[in-house]
Structures are given as structure tokens and as C-alpha cells.
Amino acid sequence: MKTKISFLVLLFFVLSVNSNAQYRRLNPYEGFLGGGFGVTWIDNKPHYTFHLFPELAFANFGVGLDLNLEFDQNGKIRSENFNEFSDYLSIIRYVRYGVKGDPFYARLGVLDYATLGHGSLMYLYNNSPSYDTRKVGMELDLDLGVGGFEGVYSSFGEDGVVGFRGYVRPLQFTDAGDIPIIGNFEIGATYITDFNKYAGVTAGSIDPATNEFKPSQDFGTVQAYGFDLGLPIIKTSLARLELYFDYAKIVNFGEGQTVGAMLRLNGLGLVNLQAKLERRLNGDHYLPAYFNSFYEIERFKFDETTGTVSSKVKELETLQSVGNGFYGELLVRVLGSFDILGSYQRLDEHPKSGILHLETDVSPEGFPYVARAGYDKINIQDEADIFTLDDRSYLFAELGYKPMPYLLVSLVYHWTFTPLRDEQDNVIDFIPQKKIEPRVSFVYPFDIGN
């Protein structure tokens, strides 16, 4: 009980002050030059670290680097830092043009939170939830006014998730396209598939001859598709309100519908607000936002101790009705220096359906203290369950002080995941990993603007 209370106090304090959490930057046009060194404890063993993490923004272009080296007490680099070809590629964390929602948007590298359409099938998908298995993927969006597309490719180094949404605004081809409200009526269609070899596995065992996991029950490639309708009721420079309806189907399993609304208010730089509220109507053997921030962790796990498989497809197979439910999201930005983003899902008849996402960023100019944090939690049963760190949690927190404007002395706490591999180097599970790192960093922020 004391641990839960202590964690709640820490999380509330951190989120109230500042956050980034190695999540997406809430202000994509702000760049900085950053690097540091320190000592980190991984699984209670000390490692010496060197970290270089600049993000550069030039008008619509952005580049983020992320070089992290961890050495043990003998001076040997930690094997998980560079044991895959993608680890070398992922030193370039991302290269982007534009931001999500622009007429043209492209991003190559780590995908922090990829979304297709309103998010009924793919919402806040993260292709690299573990730093030790970073991937190089791609997002590509094009809006031509009369229609367009959104695309996601999770990894160039291995078979993975591929998603595509095409949409059209049919009234733009007619005189009705100039009529307020109905002129921007939008129709979309989404298709997503996961080619990962473990995507459809529900049972299997370790082959004693090769020490490699071999599936015994496999649904094969996971596929899903959907259709959506969107109608912007208000669309001005100060406000935007859109109503929408989505239908989604996971092939060989269930289907669901979503009715929702999205609101954006631009308070001329004083207070900006974005809100989203959905009513989710779910059938049997169906989970909304199937490809979410924890999908790469939940996709497949094999417990070598018990010999059991847990996978997202297995959950679909065994689920009856999870009931309908609500999803809400809110982003508030005050004076360009205080950001807080939170979202939560709860289904009516599924006791472990809670999904929480929090991230904040408060950076008033001239303020010498720094505190960053972000938190994700899935399969939440009740309020007390929210504040326990386990294999359903992701937390990043940093508390620090600037003795000089561009020098930061801080303590980093990271509850994350590390992969568990078989003899053939296949990832068969992810296990929680705690990192505690005293860090000295050089951080030089700059804002070139858009």
C-alpha cells in the first residue's frame, strides 16, 4: 500500500510539473541539442552510459538522433545496444517532413504514436516500445483536398504491421463542395495486416533439437479492415468540431462500431484545447484500437517456465462480449509553456479494459528546474491498479536542476521492457526492466518556427 501511495505522489508531482518521457514531443517545431553521461542501474547492476539525443527542426523538416551506449563494470558494451542491424539504423531516431495533419507528412524511423483515421483499428501505435528492440518504420500521409491517404509501415528490418487508409470527400467533385459543413463530408476505408511470424500464434513450445520456439496453433497473418464517415460541423482557424462514425472488423474474429466527436479550440496562443470523446460498440471476439501503443509487447509472449503462450490473437479467440464503452482524450496547452495530454478507455462488461495514457510538458522560459514524465498502462482493473508498475506499465520520469542555462543535472527513472530471446535470437517475450540513471546533460533549446 505504501508503495502505491508513494508512486501516486511521485506521478502526480511529475505530471504536474513537466513531461516529455521520450514520447512524441508535444511541440514538434521546437528543437534542441542534447547529450549526457551518467551511471544507470539495469536490473540492479551498474552501467556507465553515454547518451546523445539532439532533435533539429528547420521549418517543416525535422531530424532526431538517439545514440545510447551502456558499458558494464568491465568496460564491455551491453549486448542489447547493438545486436541487430536495426540498432545501427535507429541511431537516426527519425527524419520527418511536416507533422500529422499537414497536407503532406512523412516520417522515417521510430514511430512513437501512429494513428490511422479516427483510430478505431490503429491508435497511438508504437513500433519501438522497448529501447532494446528499436525499429525503423515509416508514416506517409497525403491530403489533396478532394481525397488522400495515410500509410504506416512498422519495420524495414523484419515482417511487421502494414496499414493503409484511403479517403475521399465526394462532394468536392460537385457544386455542393462549396457549401459550409457538408462540403467536407469524408468517406474512408482502412486495411491493416501484421505479417510478423508470431502475429497469429496461440500455442507452441521450444523445439529441443534447435532450442527455437515452434508454433503448434497459428491463425496466420492478422488482418483487419474498416470504413468510416466524418463530417466537420465547424472548421475555422479558431475552432474545429468533427462528428464521425467508424465500422471495424478483425478478419476471422469480431467487429465493432464507434461514434465520436473531436473538438479543437485555438485560443490565439493563450489556451489551446483538443478533446475527443467516443462511444465504442463492441461485438464478440473484438477489441477496439487493436493496434495500440502496447501492441508490439502484447502480440506474442511465451513463458518458458510454464510453457504457455499469451498473445493478442489468443485474447480475441477466448473473448466473448467485452461490452460497450467510452474513450476520452484531452490535450490542454497554456501560453505555449504548459502541456498536458491524457486519455482513458473503460468498457462496460470487461473488468480489465482500462487503458491510460499520460504525458505533459511544462517548460516556462528561465525556469531552472526540470521534471519530465510520461505513463502508459493497459488492462487496468480498478483505480488502485493504475498506480502499480508491472508488465502492463511504461513509465519515464526525470527530475533535475540547471546550475547553468544549458547544463542539466538530473535523475532518470525508466520502467520499460527488454526482450527475451530463444537460441535463434527470436524475441519470444518481453519482461519489465527498471533503469535508474544519474545524468549530466547539455541541452540547448531553439525554435526556428514553422
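Report whether or not V309 is outside any strand (DSSP E or B) and either of a type in the set (V, I, T) or modelled with pLDDT of 90 or more (or both). Quick ask: steps written out before the conclusion?
On the way: outside any strand (DSSP E or B): no; either of a type in the set (V, I, T) or modelled with pLDDT of 90 or more (or both): yes.
Here the answer is no, as V309 does not meet what is asked.
For E304, all conditions in the list (1) in contact (Cβ under 8 Å) with a residue 60 or more places away in the chain; (2) within 19 Å of the chain's Cα centre (by Cα); (3) surrounded by fewer than 22 Cβ atoms within 10 Å (Cβ to Cβ) hold save one; what is the number of the exception?
Of (1) in contact (Cβ under 8 Å) with a residue 60 or more places away in the chain; (2) within 19 Å of the chain's Cα centre (by Cα); (3) surrounded by fewer than 22 Cβ atoms within 10 Å (Cβ to Cβ), only one is false for E304: (2).
Can you tell me which of (1) under 30 Å from Q424 (Cβ atoms); (2) of a type in the set (G, A, S); (3) in contact with a Ser or Thr (Cβ under 6 Å, 6 or more places away or on another chain) is the one A224 doesn't meet?
The single condition A224 does not satisfy is (3).
Take K276 and tell me if it is closer than 19 Å to I192 by Cα and assigned to a strand (DSSP E or B). Can you show your working first?
On the way: closer than 19 Å to I192 by Cα: no; assigned to a strand (DSSP E or B): yes.
No; evaluated as a whole, the condition is false for this residue.
Hey, does the stretch 363-372 have a residue that's among the hydrophobic types (A, V, I, L, M, F, W, C), at pLDDT below 80 and surrounded by fewer than 16 Cβ atoms within 10 Å (Cβ to Cβ)?
First, pick out the residues of the stretch 363-372 that are among the hydrophobic types (A, V, I, L, M, F, W, C): 367, 370-371.
Within this subset, residues satisfying the condition of being at pLDDT below 80 are 367, 370-371.
Then keep just the ones that are surrounded by fewer than 16 Cβ atoms within 10 Å (Cβ to Cβ); that gives 367.
Among the residues of the stretch 363-372, at least one is among the hydrophobic types (A, V, I, L, M, F, W, C), at pLDDT below 80 and surrounded by fewer than 16 Cβ atoms within 10 Å (Cβ to Cβ), which makes the answer yes.
Within the stretch 270-284, can one find any residue that is exposed (fewer than 14 other Cβ atoms within 10 Å of the Cβ) and either under 27 Å from P170 (Cα atoms) or touching a helix residue (DSSP H, G or I) at 6+ places or on another chain (Cβ under 8 Å) (or both)?
yes
Just to confirm my filter: which strands (runs of 3 or more DSSP E) fall fully inside the stretch 218-271 and include at least 3 residues that are closer than 30 Å to G204 by Cβ?
Values: elements: 222-235, 239-250, 255-266.
Output list reads 222-235, 239-250.
Tell me, which residue of the stretch 67-98 that is modelled with pLDDT of 80 or more and crowded, with 18+ Cβ neighbours inside 10 Å is farthest from the chain's Cα centre (by Cα)?
The extreme case among them is G98.
Quick grid of which residues meet (1) in contact with a helix residue (DSSP H, G or I) (Cβ under 8 Å, 6 or more places away or on another chain); (2) surrounded by 14 or more Cβ atoms within 10 Å (Cβ to Cβ); (3) farther than 23 Å from S120 by Cα:
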| site | (1), (2), (3) |
| --- | --- |
| V152 | no, yes, no |
| S155 | yes, yes, no |
| G188 | no, yes, no |
| A199 | yes, yes, no |
| D218 | no, yes, yes |
| F227 | no, yes, no |
| E242 | no, yes, no |
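Among (1) within 30 Å of L319 (Cα to Cα); (2) aromatic (F, W, Y); (3) over 17 Å from the mean Cα position of the chain (by Cα), there is one condition Y394 misses while meeting the rest; what is its number?
Result: Y394 fails condition (3) only.
Taking D112 and the conditions (1) assigned to a loop (DSSP other than H, G, I, E, B); (2) surrounded by 15 or more Cβ atoms within 10 Å (Cβ to Cβ); (3) modelled with pLDDT of 85 or more, which numbered condition does it fall short on, given that it satisfies the others?
The number of the failed condition is (3).
Go through the stretch 169-186 and give me each residue that's crowded, with 17+ Cβ neighbours inside 10 Å and either out of contact with any helix residue (DSSP H, G or I) (no Cβ under 8 Å at 6 or more places or on another chain) or polar (S, T, N, Q) (or both).
Residues of the stretch 169-186 that are crowded, with 17+ Cβ neighbours inside 10 Å, as a first pass: 169, 171-172, 184-186.
Across the stretch 169-186, the qualifying residues are Q172, N184, E186.
Within the stretch 277-287, identify whether any single residue is aliphatic (A, V, I, L, M), touching an Asp or Glu at 6+ places or on another chain (Cβ under 7 Å) and farther than 19 Å from R392 by Cα, and answer yes or no.
No, the conditions are met nowhere in the stretch 277-287.
Out of the residues in the stretch 401-429 meeting the condition of being crowded, with 20+ Cβ neighbours inside 10 Å and closer than 17 Å to R372 by Cβ, tell me which one is modelled with the lowest pLDDT.
L408
Tally the residues that are closer than 11 Å to P438 by Cβ, touching a Leu at 6+ places or on another chain (Cβ under 9 Å) and without any contact (Cβ under 8 Å) to a residue 40 or more places away in the chain, restricting the search to the stretch 401-412.
Initial filter on the stretch 401-412 (closer than 11 Å to P438 by Cβ): 409-412.
Next, only the ones that are touching a Leu at 6+ places or on another chain (Cβ under 9 Å) stay: 410-412.
Then keep just the ones that are without any contact (Cβ under 8 Å) to a residue 40 or more places away in the chain; that gives 411.
The number of residues fulfilling the criteria is 1.
Within the bounds of the stretch 310-326, is there any residue that is in contact with a His (Cβ under 8 Å, 6 or more places away or on another chain), over 30 Å from D422 (Cα atoms) and of a type in the set (V, I, T)?
Yes; the residues of the stretch 310-326 include at least one that is in contact with a His (Cβ under 8 Å, 6 or more places away or on another chain), over 30 Å from D422 (Cα atoms) and of a type in the set (V, I, T).
The values are calculated or read from the model by the stated rules, or taken from the named source; none is laboratory data. What you see is a predicted model, and the numbers here were worked out from it, not measured in a lab. Neighbour counts are summed over all protein chains in view; Cβ atoms, including those assigned to glycine, are modelled from backbone coordinates with ideal geometry.
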